[in-house]
Every structure is written in structure tokens, then in C-alpha cells.
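The values are calculated or read from the model by the stated rules, or taken from the named source; none is laboratory data. Everything numeric here is computed off the predicted structure, so don't read it as measured data. When we count neighbours, we look across all protein chains shown, and the Cβ atoms used for this are built from the backbone with ideal geometry, even at glycine.
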Amino acid sequence: MIITLPSLAMAVLLLAACSKSPWNNPYPAGEAGQNILYSSFSERPKHLDPVQSYSSNEYAILGQIYEPPLQYHYLKRPYTLEPLTAEVMPQPYYLDKQGKPVAESSAHVAFSVYDIHIKPGIRYQPHPAFATDVQGHPRYLSLGATELVQVNSLADFTQTGTRELIAADYVYQIKRLAHPKLHSPLLSFMGDYIVGLKDYPKTLKQAYAAQIKTNPANQFLDLRNYPLIGAEVVDRYTYRITLNGKYPQFVYWLAMPFFAPFPAEADQFYQQPGMAERNIVPDWYPVGTGAYMLTRNDPNREMVLERNPNFHPDFYPQQGEPGDVEHGYLKDAGKQLPFIDRIVLKLEKETIPYWNKFLQGYYDSSGIGSDSFDQAIQFGSQGDVQLTPELQAQGIQLSTTVQPTIGYTGFNMLDDVVGGYTPARQKLRQAISIAIDHEEFISIFRNGRGIGAQGPIPPDIFGHLAGKAGINPYVYEWDKDQPRRQSIRQAKQLLAEAGYPNGRDPKTGEPLIIYLDYSSGGPEDKAVFDWFRKQFAKIDLQMSVRDTDYNRFQEKMRKGTAQMFMWGWNADYPDPENFLFLLYGPNAKAKHDGENASNYDNPQFNALFDKMKNMANTPQRQAIIQQMLEITRRDAPWLWGYYPKEFVLHHEWLYNAKPNHMAHNTLKYRRLDPQLRMLKRHEWNQPRLWPIFILFVVGVVSLIPAVRAYRHKEHRPAVSSGQGVK
């Protein structure tokens, strides 16, 4: 059958009238109105095994599946730990070298002991590792090669099972930190704390080698057969972790996937011959007790999390902080979790397509890239942040929060020019600190997304003081209820007192040149360099950029040969120790390969750090922190930089979307109104049919001459074809 242009156009118009789904809907039509959260990922996760994973994009998935004993309260700030699978918060007790109890304050503390009691009745997600036959024997833990012929993914196993979470599962995971086939980034760090863990890899390596020698096909090393002194089962629901000395920050690690349970059956299941060749491994198929389970893992296209049908009772918080009621974060107080049935994560490598789909309602929340910032954000007359009228008209809502992160520019304290601890060197660094206007930097290069740092500790971390009490008096003064950067005149005075009047060495008359060592990320960095040069020029100093490749830059940092550098730190856990250790002398990068990139080493600061680091969050600890901040502000090893702000948008049908930069299991708290979303999608994605209508009219008009010619030909008199008369 021949289809003409007009008939095709008419058919399209008729289909449009009948369709219940927008034409540009990227999801199956049957999903319309379902309780599904739509989000994205831009980088495929490398590890989904909790013993190896240590990146934010992986934790966004793992946090929904695995459950360590503790979690962060979803609403409270400062960030607060609470039990997750644990019955109560573990309280350590202390022993001396002979194993006798001593007080926490005792100088004879040799060990800290944590007894962790987990809640009974928690069950794992359905998984083939727990499947049993009619006799109750494991169904899939001793498979032969022929049984895997038709298996290509975890879904090809027709039977699943479950079992109760027990204390031994947590101990098993701690032992996996030292497994010879795994490479946990936490092993060397925790090896200094968990008793016996430092030597445990040697034990497992020897056992594994002996096992392979006896039976090369047996890849499963049953860690239950190899005791670890620092991690032991007490009873079915209790396990014990013993640490060397005191390390109160250890409780924060108990909220990370490294310390989530891993059942021995799953380890045995995945270690069977033929599984790795099919990517049937923990890195692809996590198994946990969390609110969701991973049911589709196609990292080149999409990943899908679905509600765990075995999820234990868990409830939305009933308390938060001031403002949570106003923002609607407590409307679901006390209700059972999770609220959402499925989470679909689509691969989106480019920001613009993601942004457009968000505006069309096909993603439920979004960050704001630099390309779309002006389309989303405008600043009020008082500098307050507002959504543009277009986004407000769509009912889109904005959440802003300061991240537990600091970006700073550091001085190398080993350098002959900017380093050292004399009053002259202090004043040189203080003068530069005043001149480098980080508020301007935030405005120009971060679209206003940040606040100037007064010290190393960000907001919402114990030790940070807001307002006048928290300002850095060497760089700022308090003016009309806000900090104001000291004047350039004051900076020049400090520079003169440092021995460089007008930015020159009076002995030689030569200008002082400061070198910024940098590893350029691209051509856009030129604007940053130019800005820095202008800042130094305000106090008559010259700045030169020593731009090198990344490896050369890292070598300079390791050897302590850089002069100034740009650096940053994101919190592992919400404790001031995790930021102040960046200035601790024994943690210097050049001498000890630590994270103290400035190589700052003030004995007074070090002594206070040793005293502060193991203290509880008390007024006494706050007082010590204030002393430490005074020392570092005076010494000025950093240009204190800025704390980044995160701007997140979400549609009006997404509820409980309070940002939490420490919790990993936040999706169980989110709630949707799928019907409202469906209505808005239809409203925002109405097809523009007028071009098709015009095409239809043009097609009809263009056919009129042909129709007329055809009719004229049909009605024309016939002409004789006989021979002419001779």
C-alpha cells in the first residue's frame, strides 16, 4: 500500500490524539504513574564490593544495599550517629596491657573494646546463595561446570532464599579487609588499630597458597576457620572489636560500608569456578539487608534498585532540627520506610541532556552545572539566592547546604621564602591572606556557591563556631553582623613589617616573586591564574605560575619543593580531628607521606592535637580547638580558602529531600507523588503539532496542480493513431 505525505501527516495527528504518554518520554509507557524515582550516574562504578569501594558514586548505590551497624541521623545537624542494625550505640571499655579494666582517662589504656549488639530478626534480600533444596541443603554452593552452561547473570538462578543477619557476618567482613585476593584501601589504616589485623594478611596468604596447592579449583577461602583477635563473635547477635589504644573516631567508620556485614555463603557462592568469567561477583551483584537491592546492573546504560521484600522495620525520624517542620521534612515522622518502590539510574555523561530532561520532569532532582546556572539561579538585592521565575513557575525547589569540605591554597612551610615560623614570615603570609579575596573567587569562579573559610573546620562539624566568635582576626574584622576582609592598606603594612615594603627586598631592590605550583586541568585555568596575579598585584607582589603535569606536581608535593599550591579535603567523617590532622606535624607529606601538604609543624599545635584527638565533644575539647585555631591563624600556613556550597534542585513531587553529606542510605527517606509527576510531564511535554499541520496543508496544496493535470488528461479527447492520406 502506498502512503502519501498527507495521509502520513494525518496518521501522526490521530496517534497524537490517542497517546497517553508524551512523545519524548524516555521511559516505558507502562511506568507512568508508578512509584519510581528517576536519577542518573555519570561514571560507571568500579567496585560494588564494600570491602574495596571507597568513592562517592559507588556509595550512592552501596548505601542503599548494605547496612553497617551505625548510620547518620537523616535530619540532625551537626551530623549525629545513631544505631542502624545495632541495638544501641556501642560504648567502649578500656583495658591495660594485662587485659585488666582501666578508666578511659588512665595513662595505662592499651586497648579499647567495642561490644556491638545487633537487632534480631533482620533478614537478607532474596539471593541464590541462600537457596536450599527440599532437604535444606544449599542449592547453589557446589556447582559444576555443566550447571553453569545456561547461566549468564544472577537472574538465571531460578531459586533464591534468605536467612537472618548474625554477628558472624560482621566479623567475616572485617576479615575480608585482609583477604589476599582483595585490595581494600582501608587495610593499612585499620591495621594500626584493629588488634591482629596488621599480621592477618600473612596468615590468610599462607592459608590460601596451601589450599590452592592442594586443590587449585577451590578458590573459596573460608575465613571462619582463621581467627582474628581484634574481631570475634561473642554470641549470635554480639560481636567484639578490639583496638590498640584509644581511637574514639572509630565509631564513624562503623557507619561506612567497609564495616557492613558480608555472609560467608555469598563469598562461597561467588568464588565458585566459572562465576568470575560471567561477572557474577560481589562487584556486580551486592547482597545486603538494606532497603533496596540491585536488580539490574548495566553500567553502560542503566542500573535499577528495587525495594527489598525482606527489609526489616525501619521508620522515618520523629525529630530533627529547627526549620525542619517549616521545610516539610517531618511530615512523614514515624512512618515505615522505604517509601519508594524502585530507583532507576540512567547513564548520563553530558550535563546538558540531563538538565533538559530534568526540566521536562524526567528526572526528579538535579544539580546545577555552570552551563545552566544563569537559567536556574538569580541573586536578590541583598545577595540572597533565588530561583529564576521560570523555574519557580514549574514548582521547582532549591536546597542549599555547605559541604563538609575545604578548598584552600597552602604555603609550603619548608620553603625558604614563604615558609618558617618567625614573626616576619607570619606577617608575609598574613598579608597575602588578606590580599587574596576568596569571596571574589567564589563569586567569579563558583557562581557564589561557597563561603569564605575562617579556619580548617567547616560548618556542621564540631569545633566550628559561627558568627563573630568564629572569625579569623588576622584576616577579617567584624562589621555590621558579618565578617569583612581587612583592608589592602593593612596588608601592605604587614608586608612592610615582613621586610618587603612596596613588595620589594630593600637590600636588593628586586620585587618579591611568589610561585604558585599547579597542575593545569585545562585552558579555563588561565582565568584563575590571571585572577591570582591581580590579587598579588594589589600589594605590589608578583606571582608566577609553575604549571606542570600531574605526576611532576605530585612529586613536588611529596618532596616538599613546591612554594604555594591549591589543595582541598573532603571529610571522611564529621569530626574536627579529620580536618585538624591536615596541619599535624607528624602527618607532614614531605617527611611522613601524610596528608599535611603544607608540612606545617608547630610543636604547640601538635601537643594540643594529641590531647584533643581522643576527647569527646565537650566544652573542654572546644576550648582546646580554639587554642589550636588561634595558633594556625597566626602562623597562616594556608590561605584559608572556602567551604563549597551545594545547590540541588528537586521537583515539587519529591519530598524529604534534605541534603545529607555524611549519610549514604538516604533514598529510603525520599517520597514521591507519582500522579502529580505524571500530570506535570503531560503539561510540560505537549507536542507541537502546528508544524505537522502546516506540512499537511503544504502537502495538500502541492498536490492540487498534479490532481488538476491528471483530471485534465483523463477528460481530453482521444487522438487517432491511423496512417495519414497519401
Within the range 479-495, how many residues are under 16 Å from I514 (Cβ atoms) and small (G, A, S)? 1
Of the residues that make up the range 553-567, is at least one surrounded by 13 or more Cβ atoms within 10 Å (Cβ to Cβ), touching a Gly at 6+ places or on another chain (Cβ under 9 Å), more than 22 Å from S433 (Cβ to Cβ) and not acidic (D, E)? no
If we ask which residues in the range 290-301 are loosely packed, with under 15 Cβ neighbours inside 10 Å and over 19 Å from D156 (Cα atoms), their number turns out to be 2
Can you confirm whether the range 119-129 contains a residue that is charged (D, E, K, R), touching a Leu at 6+ places or on another chain (Cβ under 9 Å) and more than 27 Å from K246 (Cα to Cα)? yes
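Only one of A496, A537, A571 is under 30 Å from Q249 (Cβ atoms) and among the small types (G, A, S); which?
Result of the check over A496, A537, A571: A571.
Just to be sure, is V344 surrounded by 15 or more Cβ atoms within 10 Å (Cβ to Cβ) and either assigned by TED's automatic domain parsing to the domain that holds N447 or at pLDDT below 95 (or both)?
Here the answer is no, as V344 does not meet what is asked.
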So L197, is it farther than 26 Å from Y285 by Cα, of a type outside the set (G, A, S) and in a loop (DSSP other than H, G, I, E, B): yes
Pair list, Cβ < 6 Å and 6+ apart or interchain, from the range 532-554 residues that are over 19 Å from R489 (Cα atoms) to residues that are acidic (D, E) and at pLDDT 90 or above: R546/D517
So the check is Cβ under 6 Å with 6+ separation or different chains; which pairs have a first residue in the range 466-484 that's under 25 Å from L428 (Cβ atoms) and in contact (Cβ under 8 Å) with a residue 60 or more places away in the chain and a second one that's outside any strand (DSSP E or B) and not aliphatic (A, V, I, L, M)? N472/Q454; N472/R633; Y474/Q430; Y474/R633; V475/S433
When the range 532-562 is checked residue by residue, the ones that are basic (K, R) and under 21 Å from L512 (Cβ atoms) are R533, K534, K538, R546, K556
Would you please name the residue that is farthest from Q64 (Cα to Cα), looking only at residues in the range 244-275 that are of a type outside the set (F, W, Y), surrounded by fewer than 21 Cβ atoms within 10 Å (Cβ to Cβ) and within 28 Å of the chain's Cα centre (by Cα)? P248
From the set of residues in the range 472-484 that are outside any strand (DSSP E or B) and modelled with pLDDT of 95 or more, which is surrounded by the most Cβ atoms within 10 Å (Cβ to Cβ)? V475
Residues of the range 606-621 satisfying the condition of being buried (at least 16 other Cβ atoms within 10 Å of the Cβ), within 31 Å of the chain's Cα centre (by Cα) and in a helix (DSSP H, G or I): N606, F609, M612, R621
Looking at this structure, is P50 assigned to a loop (DSSP other than H, G, I, E, B), of a type outside the set (A, V, I, L, M, F, W, C), at pLDDT 95 or above and surrounded by 17 or more Cβ atoms within 10 Å (Cβ to Cβ)? yes
For the range 682-701, check the following and say yes or no: at least one residue is at pLDDT 95 or above, buried (at least 19 other Cβ atoms within 10 Å of the Cβ) and not charged (D, E, K, R). no
As an exercise: evaluate S142 against (1) buried (at least 19 other Cβ atoms within 10 Å of the Cβ); (2) part of a loop (DSSP other than H, G, I, E, B) and give the number of the one condition it does not meet. (1)
From L649, L679, L629, L580, grab the single residue that is surrounded by fewer than 19 Cβ atoms within 10 Å (Cβ to Cβ) and at pLDDT 95 or above. L679
Just to be sure, is F315 under 29 Å from L37 (Cα atoms), surrounded by fewer than 21 Cβ atoms within 10 Å (Cβ to Cβ) and of a type outside the set (V, I, T)? yes
For V418, the lone unmet condition from (1) in contact with a Gly (Cβ under 8 Å, 6 or more places away or on another chain); (2) of a type in the set (A, V, I, L, M); (3) buried (at least 19 other Cβ atoms within 10 Å of the Cβ) is (1)
